[in-house]
Amino acid sequence: MVMESHMCLAWLLLCVLLRPLPAQNPAPEGVLNCCEGDVLFLLDSSGSVSSYEHSRMLTFLSELLLPFSLGEDQVRVGLLQVGTQPRLEFGFDMHSTQSGLQGALRNTKPLRGDTNTVEALRMAKERVLRPGTVDGARAGLPRVLVWLTDGVKPGDVIGPMAELQEEGVAVLVVSTGHGNYLVLRQVVSPPVENHLYFVDIDDMSIITEDLRDAIIEIIRAERINVRDISTNSATLQWRPVLSGLTGFYEVRFGPLPTGGAGGAGGGGTGTSPSTGGSQYQRLIQSADSSTARLTGLKPDTTYTATLTPESNEQSFNTLSVTFTTKPEVMSPAVVTVSESGETSIRVSWGPLQPETVTSYYVEYSALPGGKLHTATVDRTQNSTVLRDLQPDTTYLVTVAAQHASGKEKAMSVKVCTQEVTPALADLQLTTVGSDSVQVDWKVNVGSLRGYWLTWEGEQRSVHGQRSSLYLPPNSLSTRLTNLPPATRVCVSPIYRTARGEGLCCTAQFHSDALSYGHQS
């Protein structure tokens, strides 16, 4: 009988020793390298929380955070404990590896004492969650505060929590008690149903996935995007997650299959979408790459592209993005005019497309009803000068392109040549008496709008300010009186669009002064 008892005991011990250990849960799909942000956990560690409850909360945090990739360019985690004197157990820059973070959680001891949540929130706001401080969050990235509490005497937390939210911090709450619902409901960031959890201390694991998803939704990083999209090319850009690792990036892209959801821009993590079956193209980029140029695309077509980081050292998610190329722009799309003169103008157009255009034709005529002129321009040229035009005349200019596909496109623009504005031909001053002068001038054009005369003494500080006078176009002379000695007189012709070049003379008043020729 004794022998049988010993044999049964040995058999039980052997079964216990041979029982397989529970398999460690793999990292949930879509969490590795998904995110970039700073997450601070506010853990109630006061006397109202038992050692068992404190241990269960830390175990919950360990499982919650295990799948995340940590580091300066990914997720950073901090832990602030609530007691009579709140304590920052570790800041955002303390742990960049899961082993370090998990060890720190296992070694965290409770504080006990009062539940001084208000002081803990002040520390969180001024020291931890504010960018620019020693232990502070990173500027420009999402910030999250997750408060784990037993719900006992939380204190006057509504005001401090509101201040954090005003500064852009997202607030989530996990309560292991069932009181103070109205208070906790007010402090979480909307939507409340995703950010407020009530759970028994022994059942915390049932909310692990939901809380993790809520955090991911806030700090998810757009890891792949598209820029420089044209009619036939685009550039993929991503954060170089393989930096420092061996491996490569595989890029696949192709037209979105019929019936797929299209759209421009945007990116994110997830499973690889279909890349059009046999239509897809494949590129391999080195581990230090962060961009890939996609070429040979079709205009106005929605494409999907996937990026798969491949490394034997670490697992990464496949990232995907969809984008739509720009519609084909047929030249000429823009026609402009420059270097406009009295008898010539330069006409330019674009875009230059020598691979699709066989030649350009330029037609121009004076408005209204002028004679039509034409010019042919080589497909490699995007401008030409039109000569022998009439001054001060409006022209209609049309640039047409003959495309190799047989299509034609034309654009027109109205342009004006400049008005002819001849300079004054002659200016003479004749003194009359001791302080008057007769002014005579000549001009070689009949389209004048008038003349502008100005005069002043050469010693302005003594004789005062400049005087001016407008005269009609039929005037060719005038007399100025009460002038100071050595008065300088200028006459300029006025045209419809501008003032022509004038002439100036100085009137000298002395006994033998009779007549003075013009001076420029």
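Nothing in this text is a laboratory measurement; each read-out follows from the coordinates by a stated rule. Because the structure is a prediction, the values reported are computed rather than measured. Every residue, glycine as well, gets a Cβ built from its backbone with ideal geometry; the counts of neighbours run over all protein chains shown.
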Gain in span if fully extended, Arg282 to Glu328, counting 0.36 nm per residue against the direct Cα distance: 14.1 nm
Along the Cα→Cβ direction, 7 angstrom out, place labels at Lys109 and Asn194. What is the inter-label distance in nm? 4.0 nm
Tell me, what ³J(HN,Hα) does each residue in the range 350-355 have, in order and in whole Hz, if you take phi through Karplus 6.51 cos²θ - 1.76 cosθ + 1.60 with θ = phi - 60° and put x for Gly and Pro? x, x, 6, 10, x, 7
Each label sits 7 Å from Cα toward the beta-carbon; between Leu352 and Glu167 the label points are separated, in nm, by 5.5 nm
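Only four residue types carry charge here, +1 at the Cβ of Lys and Arg and -1 at the Cβ of Asp and Glu. Report the dipole size of the chain about the Cα centre in Debye, rounded to the nearest 20. Intermediate values should be presented prior to the final figure.
On the way: 40 positive and 52 negative charges, 272 e Å.
Dipole magnitude for the chain comes out near 1300 debye.
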Computed FRET efficiency, Cβ-Cβ of Ser434 and Tyr361, R0 60 Å: what is it to the nearest 0.05? 0.30
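Counting each DSSP H run of 4 or more residues in the chain as -39500 (n - 2.57), what helix-only mean residue ellipticity at 222 nm follows after dividing by all residues, to the nearest 500 deg cm²/dmol?
Details: 9 runs with 84 residues, N = 520.
Using -39500 (n - 2.57) per qualifying helix, the result is -4500 deg cm²/dmol.
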Distance check, please: which entries in Lys371/Lys409; Lys298/Lys326; Lys326/Lys414 exceed 20 angstrom between their Cα atoms? Lys371/Lys409; Lys326/Lys414
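Could you tell me the calculated FRET efficiency between Gln402 and Thr291, based on Cβ-Cβ distance and R0 = 41 angstrom, to the nearest 0.05? Present the calculation step by step, with values, prior to reporting the outcome.
On the way: r = 37 Å, r/R0 = 0.91.
About 0.65, to the nearest 0.05.
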Multiply the residue separation of Lys442 and Ala486 by 0.36 nm, subtract the distance between their alpha-carbon atoms, and state the gained length in nm to one decimal. 13.6 nm
Three semi-axes of the equivalent ellipsoid, the chain, Cα gyration tensor, whole Å, largest first: 84, 38, 18
Take each complete run of DSSP H in the chain, measure how far its Cα atoms stretch along the helix's own axis, and keep only those covering 18 Å or more with mean Kyte-Doolittle hydropathy at least 1.6; list them. 2-18
Length gained when the stretch Glu126-Thr343 is fully extended (0.36 nm per residue, less Cα-Cα span): 71.0 nm
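What is the projected area of the convex hull of the Cα atoms of the range 37-219, averaged over all directions, in nm²? Before the final figure, lay out each step's value.
Working: hull surface 35.5 nm².
Computing the convex hull of the Cα atoms and averaging its projections yields 8.9 nm².
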Checked against the positive end of the charge dipole of the chain (+1 on Cβ of Lys and Arg, -1 on Cβ of Asp and Glu, about the Cα centre), the farthest of Leu424, Thr133, Gly47 is Leu424
Quote the FRET efficiency, to the nearest 0.05, computed for Gln98 versus Thr308 with a Förster distance R0 of 25 Å and r equal to the Cβ-Cβ distance. 0.65
Non-local residues with an amide H under 5 Å from the amide H of Val146, with H modelled 1.01 Å from N and Pro and chain starts lacking one, are Leu40, Phe41, Leu42, Leu172
